[in-house]
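Here's the structure, in structure tokens; my notes come after.
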Amino acid sequence: VQLQASGGGLVQAGGSLRLSCAASGRTFTNSAMGWFRQAPGKEREFVAGISWSVGRTWYADSVKGRFTISRDNAKNTVYLQMNNLKPEDTAVYYCAADADTFGDGSPLSKYDYWGQGTLVTVSS
């Protein structure tokens, strides 16, 4: 199983980026998926999650109203649209997937599979 994250880069504060995470090796249509990030010198933190049914989403307070998680089950892909980026959003962003089915994508979900990470740098 592989999760391939892409879309990171350098952007000015106030700008936007769209991250993609394509899964291969198995389908995650019935599994929750999420995004996490790790800034230099800090622990990895939950950013956003989406349930298997696309009916529910979860966001860290720090990104609510600016980030949107979505998924395209036909493409086995999850996205993270990031708007109004701030320097404090600078981090390596990781996508993750729950191996179990019918998860809700909450921060407490059991994320078993992880992508390699994509770097997002926001300049002030």
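The values are calculated or read from the model by the stated rules, or taken from the named source; none is laboratory data. These numbers come from a predicted model, not from an experiment. Positions of Cβ are generated from backbone atoms using ideal geometry, with glycine treated the same way; all protein chains shown enter the neighbour counts. Ligands, DNA and RNA are stripped out before the accessible areas are found, and what is left, the full protein with its side chains, is counted by its heavy atoms. Shrake-Rupley method; radii C 1.70, N 1.55, O 1.52, S 1.80 Å.
Before moving on, here are some points about what is shown:
- Subset tally (residues that are within 21 Å of LEU108 (Cα to Cα) and outside any strand (DSSP E or B)) for region 17-47: 9
- Pick from region 74-112, criterion in contact with a Gly (Cβ under 9 Å, 6 or more places away or on another chain) and of a type in the set (Phe, Trp, Tyr), ranking: farthest from LEU17 (Cα to Cα): TYR111
- Residues that are at pLDDT 95 or above and basic (Lys, Arg) do occur in region 83-97, at least one of them.
- Residue in region 20-42 that is basic (Lys, Arg) and surrounded by 18 or more Cβ atoms within 10 Å (Cβ to Cβ) present: yes
- Selection within region 10-19 - within 15 Å of CYS95 (Cβ to Cβ) and surrounded by 16 or more Cβ atoms within 10 Å (Cβ to Cβ): LEU17, LEU19
- Of the set (1) in a loop (DSSP other than H, G, I, E, B); (2) on the phi < 0 side of the Ramachandran plot, all apply to GLY65 but (2).
- Candidate set from region 76-124 (those that are among the aromatic types (Phe, Trp, Tyr) and in a strand (DSSP E or B)); member that is surrounded by the fewest Cβ atoms within 10 Å (Cβ to Cβ): TRP114
- Test: residue in region 48-59 that is surrounded by fewer than 16 Cβ atoms within 10 Å (Cβ to Cβ), in contact with a strand residue (DSSP E or B) (Cβ under 7 Å, 6 or more places away or on another chain) and in a strand (DSSP E or B): no
- Region 60-75, residues that are closer than 24 Å to GLY15 by Cα and open to solvent by 50 Å² or more (accessible area, probe 1.4 Å): ASP61, SER62, LYS64, GLY65, THR68
- Residue that is farthest from GLY25 (Cα to Cα) [pool: residues in region 71-106 that are hydroxyl-bearing (Ser, Thr, Tyr) and under 16 Å from the mean Cα position of the chain (by Cα)]: THR90
- Qualifying residue in region 92-100 (condition: aliphatic (A, V, I, L, M) and in contact with a Ser or Thr (Cβ under 6 Å, 6 or more places away or on another chain)): yes
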